[in-house]
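Take a look at the structure below.
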Amino acid sequence: MNAAPVNGVISDQMAPDFLLAVEGLTVSFDGFKAVNDLSFYVDEHEIRVIVGPNGAGKTTVLDLICGKTKATSGSIKFRNQELTRMSESSIVKAGVGRKFQNPSIYDDLTVFENLEISYPKGRSVFGALTFRRDAAVKERVQEVAEMIFLENKLFERAEFLSHGQKQWLEIGMLLIQDPDLLMLDEPVAGMSVSERVKTAELLNKIIANRSIIVIEHDMKFVEDIAHKVTVLHQGKVLSEGTMDRVKNDPKVVEVYLGH
Amino acid sequence: MKSTAFLSRSEWIGVAIVAALILVVLPLSVDGFRLNLVGKYLTYAFVALGLVMCWGYGGILSLGQGIFFGLGGYCMAMFLKLEASSVENTKIQSTPGIPDFMDWNQITALPWFWEPFRSLPMTIILVIAVPVFFAFIIGFAMFTRRVGGTYFAIITQAIAAILTILIVGQQGYTGGINGITDLRTLNGWDIRTDDAKYILYFVNAGLLLGCVLIAYFVKHSKLGRILVAMREKEDRVRFSGYSVAGFKIFVFCLAAGFSAIGGAMFALQVGFMSPSFVGIVPSIEMVIYTAVGGRLSILGAIYGTLLVNWAKTSFSESFPELWLLGLGGLFIAVVLAFPNGLAGLYQSYVEPRLGKLTGKKSDETNGALPQGSPAE
Amino acid sequence: MFSDYSLAELGSIFVMQGFAGLILFSVFVLMALGLAIIFGQMGVINMAHGEFMILGAYVTYFTSQFFLNYLPSLFGGYFFVAMGLAFLASGALGMFIEWAMIRHLYKRPLDTLLATWGLSLILQQLYRSFFGPREVGVELPEWMMGSIALTDSVEVQINGLFVMGLTTVITIVVALLMYRSRWGKQVRAVVQNRIMAGAVGINTEKVDRYTFALGCGIAGVAGSAFTMIGSTGPTSGQLYIVDTFLVVVFGGAASLLGTIASAFTISQAQSTMEFFLSGSMAKVLTLLGVVGILMLRPQGLFTLKVRR
């Protein structure tokens, strides 16, 4: 499923150093610039955490990358493929997966069916009609369910999962797509301490084949997982670097503690 | 994992019971006139079945299913009317060979869009193709722009109103408010005789069961689960790599196709087609059939249609003024008290007891019925 | 099609049709105002809105009968009494319906649509049983009869003018109520964030109930005005419901100004076309135009771009 860029020609002189390159990204809602001339880059196999006060534009950045919101100007290149003009479903097929802030799962379906729907086969109307639940599908669902600690809950309706389990399920739904870039919006919100530890473990385990962008408020959790931290403030990058560097950046200190 | 099989065991039993009811019990127990009436009701069940897929599973409430029922019916009626308007039959007209209402409206040549309906094979294709194409246009325009929920309902209703006004207004081309009447033969076979009505009843029942199986196939395919998923979390489906609009268009077209078959069978069995089956009122009444049967129950659509129409016929015969009150009350009751209709009642009261009797667990797919199924 | 008329005649036609369009516009606005409040502010589709309007019309009819029989000397002023009663009757019924039905369905707008459709069937049948199936018309007071000749070929009816004047007044009152009063502020607060509004001490249930009642009350007044230009029957309300919904949606559901602008556009288009085409084709073309535009611009004509 590792979709190689189809139309993005990779020539030698501009071989992509970065998995994701966001440059000059701006979006305005009726004049209010929620994201303002934003640029940042994500490497292969990197866990990037985006932090920032409320209203800094964190969720909007994810919305822009996955195509939920259309950019006013600027570019988002994923493996040299321009995402800003692609439809949401083609962005997913290009290898970008996104988890929403509130666990977004299908309550009426079982855990198995939730995962199966995200299995990257039979995505066209005709494909979905003729899709068969064959051994490969079952095996893959089983494999992902074990990763997200839900192998014993496969045939329970998702409605009856705990909040933390729902969060894992949605992460699992993304994993089964095997995306190259995984974007998680507050994955540990509402989780108990032990669930947080397990989630950090999970993220560190799945990093092997992909990059991850995480939005998170919980600094302890951020420290556990982040390779690099980007601090957003009023739609712009305030600071960027390792956790230690960012923590000691006077600008960051001022935004968080200054007022 | 019963749910991936084409039909689960309890579903097979359910289909068999319905088949026995409409193929054996009803034909044996009611007279020819009543059976023809049942046949007419069953043509509405096609619409209700389409609504189960489109509204129950897809969460798309169309208040314009009469459009597709009507288009299918008109396509069939146009063919029958042309056959009934042979030069010989219409020699007293000033222009022989065209339908009588055209002659009355001083039209002297058959309009171009009537021409294809001289051929039966072409008509059979168009009966399905015209409504489905129409549904595709509406669906494409609306769903790719993310119009849904109440807006979609209002706009389909408006389109139903427009089509009715158009049919009534263009009397010379459509037969106006009276519709297309006096239909006689199908390829020379007289459809007005008792024998013909008997045969048509079984053809209709067979087609309905065929559509039921198609509906089950769709429900149990991955597409059926995507529909449920879409109804709940549209964005999650979209960001799992699906083109949500495509699936909505598909299910809307499927419902339109079912309705069209119903409409065509209506014209054949009842012998006329009129705009009173196209507009707002019939369209929304067909929604109540679905709601009574249970919006998530494929077989419920058939029971709901039969039950409501049976009630309508018996009430309108004895207390016509009570019927509207009853129908109105039914709308309110179904929405407020029984959002899952008869099927919901069956699942919560009858099935557990049956299960106790046979000592077997109820089918797991039935668990996938949410309360009230909120559709945005 | 214009060649059959002289320029002066064409001018008169447009003015006269424009006037006819203004009367239609008034009815649309009155119907749509109530609907826009209920749909735009609460997201509830009230398919029985036409029946609330007809209730107002019946109240007006019976008030006129009462004055005719018992207070003939005051007949000239009965209309104002009737309007007040119509508002109260429809508003009270609305309040009851909100309590009995609508409040259980706020999370299921599609179901509200079905339930209110059922309500409309029941109301129609009740009107038929109690008031008879025949259409009734009120007798206009003398000062409302006749017409004013503007030029030789252009005259306008006084009752039409009156309805327009009335519409203007009601619109202004509603606008003041929604945008200037404390209550209007509460309604808008509840619309924007129900939980927060509840948390700061607004009784959201009460606001809902009164909003719905107000929308229905305005429908009653609309029905009152309606009697000045047409007769009333059990199913008269049904005739306008689809048009009115299109007016509200076309204008962008949450905007009062949009509702008025769209009512104007639709009514003028329809009545002008009506003169040259048959009535039914004019309606078909108007509705098709509206539906077509809505397909291109589903958010309606007069809405702002917002983050969703």
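So the values come out like this:
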read-out	value
Furthest towards positive pole of dipole, B:Leu186, B:Leu21, B:Phe113, structure part chain B, Cβ charges	B:Leu21
For chain B, built as a Gaussian network whose Cα springs stay under 10 Å, the top-fluctuating residue of B:Pro27, B:Pro131, B:Pro275	B:Pro27
DSSP bridge pairs, chain A: antiparallel proportion in percent, nearest 5	55
Efficiency of FRET from Cβ geometry, A:Asn204 and A:Asn54, R₀ 22 Å, rounded to 0.05	0.20
log10 of Debye I(q)/I(0), alpha-carbon scatterers only, for the stretch C:33-90 at 0.25, 0.29 Å⁻¹	-0.92, -1.08
Between the stretch A:140-199 and the stretch C:148-222, the Cα center-to-center distance that results, in Å	50
For A:Ser239, residues with placed amide H under 5 Å, excluding near neighbours	A:Val231
The stretch B:1-136: Cα Rg divided by the 2.2 N^0.38 Å rule of thumb	1.43
The stretch A:42-111: Rg to Rh, with Rh as the Kirkwood radius over Cα pairs	0.99
Per principal axis, descending, Cα span of the stretch C:216-295 in whole Å	33, 31, 18
Equivalent ellipsoid dimensions for the stretch B:174-281 as semi-axes, Å, which come from the Cα gyration tensor, largest first	37, 18, 9
Separation in nanometres of the label points that stand 7 Å from Cα toward Cβ, at B:Asp195 and C:Glu135	5.1
Ascending count of other beta-carbon atoms within 10 Å, so fewest first, for B:Leu26, A:Leu64, B:Leu163	B:Leu26, B:Leu163, A:Leu64
Length-normalised contact order for the stretch C:9-142 - Cα pairs under 8 Å, 6+ apart - percent	31
Of every Cα-Cα pair in chain B, the percent that sits beyond 28 Å	46
GNM flexibility winner over chain C from C:Gly132, C:Gly43, C:Gly215 (Cα, springs under 10 Å)	C:Gly132
Sorted largest first, extent of the stretch C:1-99 alpha carbons per principal axis (Å)	57, 45, 15
Rg/Rg_globular for the stretch B:154-196, with Rg_globular taken as 2.2 N^0.38 Å and Rg from C-alpha atoms	1.66
Nearest-20 debye value, the protein assembly as shown charge dipole, Cβ charges on Lys, Arg, Asp, Glu	1380
Rough spin-label spacing in nm, given labels placed 7 Å along Cα→Cβ, for A:Lys138 and C:Gln192	5.5
The protein assembly as shown - mean residue ellipticity at 222 nm from DSSP helices (-39,500 (n - 2.57) per run, n ≥ 4, rounded to 500)	-18500 deg cm²/dmol
Loop sites in the stretch B:92-194: trypsin sites (Lys or Arg not before Pro), DSSP, at most 13 other Cβ within 10 Å	B:Arg192
The stretch C:122-219: GluC sites (Glu not before Pro) in DSSP coil with no more than 16 other Cβ atoms inside 10 Å	C:Glu135, C:Glu139
Efficiency of FRET from Cβ geometry, B:Val203 and C:Ile172, R₀ 60 Å, rounded to 0.05	0.45
Equivalent ellipsoid, the stretch B:41-119 (semi-axes from 5 times Cα gyration tensor eigenvalues, Å)	36, 12, 10
Point-to-point label distance, B:Arg146-A:Ser194, nm (Cα→Cβ direction, 7 Å offset)	4.1
Two-decimal Rg/Rh across the stretch C:16-296, once Rg and the Kirkwood Rh are taken from alpha-carbon atoms	0.98
Gyration tensor over alpha-carbon atoms, chain A, equivalent ellipsoid semi-axes in Å	30, 23, 17
Exposure proxy order (Cβ contacts within 10 Å, fewest to most) of C:Ile45, C:Ile229, C:Ile260	C:Ile229, C:Ile260, C:Ile45
Computed over the stretch C:16-296: relative contact order in percent, which uses C-alpha pairs under 8 Å that are six or more apart	38
Gaussian network model of chain C, springs between alpha carbon atoms under 10 Å - residue of C:Gln41, C:Gln192, C:Gln268 with greatest fluctuation	C:Gln192
Along principal axes, Cα extents of the stretch A:73-220, largest first, whole Å	45, 40, 26
Surface/4 estimate of mean projected area, convex hull on alpha-carbon atoms of the stretch A:147-250, nm²	7.6
For the stretch B:2-368, size of Cβ-based charge dipole, Lys and Arg +1, Asp and Glu -1, in debye	1420
The stretch A:203-259 and the stretch B:1-71: distance between their alpha carbon centers, rounded to Å	58
C-alpha center-to-center spacing [the stretch B:139-161, the stretch B:164-222] in angstrom	26
Percentage of interatomic Cα-Cα distances in the protein assembly as shown larger than 55 Å	21
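Read-outs: derived from the displayed coordinates by stated rules, not from any lab. No experiment lies behind these values; they were computed from the predicted model shown. Neighbour counts run over all protein chains shown; Cβ positions are idealised from the backbone, glycine included.
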